[in-house]
Amino acid sequence: MHVIDIDQLQGAPNDLVQWADLWQLSLSIDKCCVLNIGTHKFDTIFSVCGVALPVVQSQRDLGIIVSGDLSPTLHINDIVAKGHRRANLILRVLSLVMLVCFYVPFSVR
């Protein structure tokens, strides 16, 4: 990547900071990161307000997990895991309800 391209990339967050200051908005810098998309990894450190942005392999944006290789695997695995958790919760609740339904009528008083 050329030096000019890197300067333009660093200029985008700087412009965003200036725009946010103009409109008296705050940026959540701790939620900002750099995601390299593709096979080429850059060793350039980007920063926002003097804080270096961490380089990540994947990032959740608007509920969708985007990985550096643009593979949907991480997102699909996350959806499947959520489905398993919800199904197990429903199974536990139904097991408890069934236990109460059978236990109460047949209990000796």
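Things worth noting here:
- Tally, over region 26-40, of residues that are exposed (fewer than 10 other Cβ atoms within 10 Å of the Cβ), out of contact with any helix residue (DSSP H, G or I) (no Cβ under 8 Å at 6 or more places or on another chain) and farther than 23 Å from Leu70 by Cα: 2
- Leading residue by the ranking (farthest from the chain's Cα centre (by Cα)) among those in region 13-46 that are modelled with pLDDT of 90 or more and of a type in the set (Gly, Ala, Ser): Ala20
- All positions within region 54-96 that are under 24 Å from Val34 (Cβ atoms) and of a type in the set (Lys, Arg): Arg60
- Within region 15-38, being touching a residue at least 12 places away in the same chain (Cβ under 8 Å) and of a type in the set (S, T, N, Q) holds for one residue alone: Asn36.
The values are calculated or read from the model by the stated rules, or taken from the named source; none is laboratory data. In this text, all values refer to a predicted model and were calculated from it rather than measured experimentally. Every residue, glycine as well, gets a Cβ built from its backbone with ideal geometry; the counts of neighbours run over all protein chains shown.
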